[in-house]
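The values are calculated or read from the model by the stated rules, or taken from the named source; none is laboratory data. The shown structure was predicted, so the numbers you read here are calculated from the model rather than taken from an experiment. Neighbour counts are summed over all protein chains in view; Cβ atoms, including those assigned to glycine, are modelled from backbone coordinates with ideal geometry. For accessibility, only protein heavy atoms count, side chains too; no ligands or nucleic acids. Shrake-Rupley method; radii C 1.70, N 1.55, O 1.52, S 1.80 Å.
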Amino acid sequence: MSSTAPQSPALALAVDLGGTKVEAALVTDQGVVLPGTRFRSPTGPQRTSDELQAAVDEVVTSALGTVPADATLVGVGVGSAGPVDEEHGLVSPLNMPVWRGHPLRDRIAALVPEGVPVTLRMDGLAITLAEHWVGAAQGYDHVMGMIVSTGVGGGLILHGRTVSGPTGNAGHIGHVECGGYDDPCACGGTGCLEAIASGPKTVAWAQRQGFAGSTGEELSAAYAAGDEIAVAAVKRSGRALGQAIAAATSLVDLEVVAIGGGFSHVTPDLFEYAREAVAERVEFGFVTKVRIVPTALSQDGPLIGAAALVHRADVLR
């Protein structure tokens, strides 16, 4: 009678760098964030380059300190706000202007045990992988994942494989221009989805119409109470989301779009307004077929997505 020794758990260190915070955690090969391993530190445009790197170092080191003695760290996955340079591991987040061509992958690699690989991709691609792996897009092979939060990000899986393009920035849906809008965007464009439908930009538009609040949470409460300005602001952002999704589906024939991020929770009606805009493409059934659904992963999606860069490396192009 033979017996086999139990295998040590295979864990990925997941790092998610966004416009307001950086997080790190350990994630299992089943897509579960290990309790007690999650650490967060603030980021943002007001911080210096050294402060941003110190925040990354802090969460990575803290999460590494929680690796169980019987576990194997099989890799590090990093999802970063873009643009990115996938080949060289560089990041240039639009809302962190002090980081342009910052060598984030190599800086993180210097913190982890020698020989542990570090994979960096745009955060939108990571979230798409998460939804495809254990989230709302399971069973589909033509998927766009989206983040609607401080900014608007996205990523693509086509024919069951990630699509990141020659630089790593394919799927940057936040910088698709939406017809009928003239909002200036930080990227230099006009009428970009991010400039219209991100949380801060939606609140700013509402404020220009007389809204007294200053946060997405206050806008959500005002919407629920039937405030006319809040309703108009959410409708405007939802319509822009739908226009961009319809354009993306026209281009690459998507089956499902899974949306997460803080501002996506402003009201379930945000999704209805997006669906209404898509439904106007009445002669294009291949566009109107696309399903727009909320994330199935709550606030864990970005970290699960970063871990999927390790655990689902077979899906990476």
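Given the criterion more than 26 Å from GLY82 (Cα to Cα) and out of contact with any Asp or Glu (no Cβ under 6 Å at 6 or more places or on another chain), identify the matching residue among GLY210, GLY165, GLY155, GLY242.
Of the residues listed, the single one that is more than 26 Å from GLY82 (Cα to Cα) and out of contact with any Asp or Glu (no Cβ under 6 Å at 6 or more places or on another chain) is GLY210.
Identify, by number, the condition in (1) open to solvent by 10 Å² or more (accessible area, probe 1.4 Å); (2) modelled with pLDDT under 95 that LYS201 doesn't meet.
Evaluating LYS201 over (1) open to solvent by 10 Å² or more (accessible area, probe 1.4 Å); (2) modelled with pLDDT under 95 leaves (2) as the failure.
Just the residues that are touching a residue at least 40 places away in the same chain (Cβ under 8 Å) and of a type in the set (Ser, Thr, Tyr), please, taken from the stretch 30-81.
Within the stretch 30-81, THR43, THR48, SER49, THR61, THR66, THR72, SER80 qualify.
Against the definition (buried (at least 23 other Cβ atoms within 10 Å of the Cβ) and in a loop (DSSP other than H, G, I, E, B)), how does GLY165 come out, yes or no?
Answer is no for this residue.
Taking the stretch 272-292, which residues are of a type outside the set (Asp, Glu), farther than 18 Å from LYS201 by Cβ and open to solvent by 20 Å² or more (accessible area, probe 1.4 Å)?
ARG275, ALA279, ARG281, VAL282, PHE284, GLY285, PHE286, THR288, LYS289, ARG291
Name the single residue, out of those in the stretch 91-102 being open to solvent by 50 Å² or more (accessible area, probe 1.4 Å) and modelled with pLDDT of 95 or more, that is nearest to PRO45 (Cα to Cα).
VAL98
Restricting to the stretch 113-134, what's the tally of residues that are farther than 12 Å from GLY145 by Cα and assigned to a strand (DSSP E or B)?
Selection size over the stretch 113-134: 4.
The conditions are (1) modelled with pLDDT of 95 or more; (2) open to solvent by 30 Å² or more (accessible area, probe 1.4 Å), and GLY262 fails exactly one of them. Which is it?
Failing condition for GLY262: (1).
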